[in-house]
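Please read the structure below before turning to the comments.
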Amino acid sequence: MTAKFRPTRRATMAGLSALALGGGRASAQTPAPKKGGTLTFLQNSEPNTLMSGTTTATSALTNSGKVAEGLLEYDYDIKPRAALATEWSISPDGKTYTFKLRPNVKFHDGKPFTSADVAYSIQMLKAVHPRGRNTFANVTEVKTPDPLTAVIELSKPAPFLIKALAAAESPMVPKHIYDGTDPVTNPNGNAPIGTGPYKFKQWVRGSHVIFERNPDYWQPDLPRIDQMVCKFVPDPGARSVAFENGSGDIGYRTPVALADLDRLKKLPHLVFETDGTSYSYNVSLLQFNLDSQYFKNLKVRQAIAHCVDRAALLKVVMYGYGVVCSTPIAPGLKEFHDPSPSPYGLDFKKAEQLLDEAGFKRGADKIRFKFPMDYNPLGDEGRKVCEFMRATLSRVGITVEVRSQDLPAFAKRIYTDRDFDCTYNGHSNLFDPTVGVQRVYWSKNFKKGVPFSNGSNYNNPKVDALLEGASVENDPVKRKQMFIDFQKIIMEEVPDISLFSPLYLTIKNKRVHDDSMTADGVESNMAQVWLDS
Amino acid sequence: MRMGRRIATTLKRAAIHAGPTVLGIVVLDFFFLQLMPGDAADVMATEAGSASEETMAALRHQFGLDQPVLTQLMNFLNHLAHLDLGFSPRFNTSVLDLILERLPGTLLLMVTALGFALLIGIVLGSVMAAWAGKWPDRLLSIVVLLLYSMPGFWVGLMAIVLFSVKLNWLPNDGSETIGAHLTGFSFIADRLSHLVLPALALASFFVAVYARLVRTSMLEVQRQDFMRTAHAKGLNPFLVQLRHALRNALIPVTTVAGMHLGNLLGGAVVVETLFGWPGMGRLALEAVLARDFSVLLGVLLLSSLLVIVANVAIDLLHAWLDPRIGEA
């Protein structure tokens, strides 16, 4: 199969009819963009670097793309579009990727952007990026036949690679700044330069980062705003207030408490959107420790699965902001998701029967057994999920004790000490199951001390073979079938119980326009955003 | 002359105490922090949402966490001896820079809050003492009781709801309007408008403490002989209250206020988080959550120094208020 993409007008228009595209052309539905103004972007936490080539922390991804751009960008269906690369092609065997680079692109220090920068960036990502190590693991060489052509050579096909080249995921960094240094400690992380629409101006730790308009940006009429103030507001209540009184313009990944949404939705000056959230879908799940005395037993896991009412949980805990999901691959990844329901439907009688068969009969106090349930404290829903499960499981004679801890204590308990029975957890699927899902179920990724590895200690040679096969399968039809088979096995063997895929909202003041034009929304370069005066 | 000697003794005593106190605090804190589950690498990896064995090892090596605990302590002390507080993994910058950047914010907030607390507390206390047992005293007692029992963060939240959300008079977040390029009067007005709410929230509890303290000690002083003498001399009753009663009543207030500086630092953690104030309290909280021990040790070290300095200042203030103190 030859996959040759050219960003023709028709191709780009197909997925994007309603969007304003490069060069500042606006479509008919939206008013003409205005110039100037300051956008205040509210962020939950402060990054430890402004260049995401060395980390995958959300706080870094949010800011990095404003300065350092990617070879490609993606429409809402994760179809690639031109960014720093204008044309790209993949050889039929899936082992050679050729990129034609955009001419006359300059870094903020005036030096030209060339294929040498691409080669350096890919090698850097392969060496130090937490995901890049896997994404680019098969890269043997990046050839640079001329300054505007970069050729990535692979030892084996990597069918997910073409989706990994967004700005925040795989930033193109200036080789002349990084060459010969340790990328992790390079001062460019604190005061980055790149090719992006915004220049770094100031970082006041504990407060904010300011980006200002790059007047020499390669898209002549962009960017439109004068400056972007990224403000770190750790308290969700304070973020609600900021949206309410207009001191904050935009925030993403549902930046306020879910309980506040109903109240905020009544305010006429706020807009809630779901565009630009398709580059990273999460799946929230109950994860068992398969070494636990209770959950090593398949019947106990099946019994718990019979007790889970996903729809009710989604309504009670998530206020309906999500989609029920019974497989490890999120419904948002339409290409790979298996929509069939869990083989274990809501059935408390069946659950009781399975628990009896497993040898956990009700005692004199009607209790079968008691176990602590932990939760990942990153979101605010974890505790409520555990409480929901405590109420549910009490019906079949299982007592749940909800146990809290902060993030590092949670990571140590689950992944290093393995001192848990069952935990509420969440995994990002990212743009492809090989990148986001494989790590959780692949037996070779059972690694003590590594967060978000195979935390259940699940080990099934059939699953291993399917995942390994899919990671190098060049035929999309075969690859899809492998992931479908994989999901069937996981749903049957229940090393974890997938519950739902959260729906993330971007909240913005109605004066903000054209902020989320790509799959990764506000994590992109946000070159087109503009404000009503 | 006597004053000069007094200052010298106070400073000498402080200098002798400071060294061991600071060392003790640092070493104890270091071991307490070791008891916390998880380390900075765990935090960075969980925040990142993905990790591999290699990235974990690289992170631990970068932060020096792959070394034995005692070596880490010796490294820290060695750096400290060279006035170097180390490097923060979470914030990717030198700890000293980080703290010095935040210190002015916290000092401003603390001094303003303490100023509010003392001013309002002394006025309320004096009024209560002057009308002891009558209706102004009763009414203010209720107000003071409320302030005493409401936690500062709740006062802060309610103030945000009223002044930031409903009335939209004062900002709820940060210490200045970012990116507005203000100068002169509008700059000062902007800073003040950001300062008022957090300072009042932080001060609320201490207002109650000082009001009650001033009331009690003023009432006690009223019964003293020198008060009767002053009244007998025919001095203006207002001046008697101000120069004779209040001045003597201030001794316990200043003693307590000195001790409260430490409490204020603690309270600042909550108030700074609530109001997004870029200060040391929030930094300390973030450092704990990020297991960024070099930052936390730096903050604790500086806080202990701050308390020591405050105690010296209070000693000197006492000498001025009542020259008899500490003469022996």
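The angle separating the long axis of helix B:69-81 from the principal Cα axis of greatest extent in chain B is about 60 degrees. The Cα center of the range A:40-63 and the Cα center of the range B:284-328 differ in position by 34 Å.
Past the 18 angstrom mark, what percentage of all C-alpha to C-alpha distances in the range B:103-168 do you count?
In whole percent, the share of Cα-Cα pairs in the range B:103-168 beyond 18 Å is 56.
Just tell me which lysines come within less than 21 Å, Cα to Cα, of A:Lys266; anything on the same chain fewer than 8 places away is out. Within reach: A:Lys315, A:Lys508, A:Lys510, B:Lys166. For chymotrypsin sites (Phe, Trp or Tyr not before Pro), the sites in the range B:43-137 that DSSP calls loop and that have at most 16 other Cβ atoms within 10 Å are B:Trp131. By its C-alpha gyration tensor, with a ≥ b ≥ c as the square roots of the eigenvalues, how is the range A:385-490 shaped: rounded for a/c under 1.5, else prolate for a/b larger than b/c, else oblate? Taking the square roots of the gyration eigenvalues as a ≥ b ≥ c, the range A:385-490 is prolate.
In chain B, the ratio of gyration radius to Kirkwood radius, Rg to Rh, stands at 1.05 when only Cα atoms are counted. Mind pulling the angle between the C-alpha long axis of helix A:298-307 and the longest principal axis of chain A? Nearest 10 degrees, somewhere in 0 to 90. Helix A:298-307 sits at roughly 80 degrees to that axis. Counted over the range A:281-502, the DSSP beta bridges are approximately 60% antiparallel. Projected onto the charge dipole of the range A:71-147 (+1 at Lys/Arg Cβ, -1 at Asp/Glu Cβ, origin at the Cα centre), which of A:Ala83, A:Gly94, A:Asn134 gives the Cα projection farthest towards the positive end? The residue sitting farthest along the positive end of the dipole is A:Asn134. What the Cβ-Cβ distance of B:Asp84 and B:Trp320 gives, at R0 = 45 Å and to the nearest 0.05, is a FRET efficiency of 0.75.
Taking all Cα-Cα distances within the range A:281-502, those exceeding 25 Å account for 36%. Treating each Cα of the range A:203-251 as an identical point scatterer and ignoring solvent, apply the Debye formula and state log10 I(q)/I(0) at q = 0.20 Å⁻¹. After summing over all Cα pairs, the log10 values are -0.77.
Mean partner shielding of peptide A:226-233, defined as the number of other chain Cβ atoms within 10 Å of each residue Cβ, is 3. A full extension of the chain between A:Lys143 and A:Ala32 corresponds to an added length of 35.7 nm, given 0.36 nm per residue minus the alpha carbon distance. Model label points for B:Arg228 and A:Asp262, set 7 angstrom from Cα along the Cα-to-Cβ axis, are 6.9 nm apart. Dividing the radius of gyration of the alpha carbons in the protein assembly as shown by their Kirkwood radius gives 1.02 for Rg/Rh. Using the Kirkwood radius over Cα pairs, work out the Stokes-Einstein diffusion coefficient for the range A:366-423 at 4 °C and 1.567 mPa s, in µm²/s as a whole number. Rounded, D is 110 µm²/s. Taking θ as phi - 60° and the Karplus parameters 6.51, -1.76 and 1.60, the scalar couplings of the range B:211-226 work out to 4, 5, 5, 5, 4, 4, 6, 5, 5, 5, 5, 3, 7, 6, 4, 5 Hz in sequence order, x denoting glycine and proline. What lysines could a cross-link reach from A:Lys361, if we take a straight Cα to Cα line under 30 Å and drop same-chain neighbours fewer than 8 places away? Qualifying lysines at Cα under 30 Å: A:Lys296, A:Lys299, A:Lys349, A:Lys350, A:Lys370, A:Lys384, A:Lys488. For the peptide B:164-177, the mean number of other protein chain Cβ atoms found within 10 angstrom of a residue's Cβ is 5.
Each value in this text was obtained by applying a stated rule to the coordinates, not by laboratory testing. Quantities reported herein were computed from a predicted structural model and do not represent experimental measurements. Every residue, glycine as well, gets a Cβ built from its backbone with ideal geometry; the counts of neighbours run over all protein chains shown.
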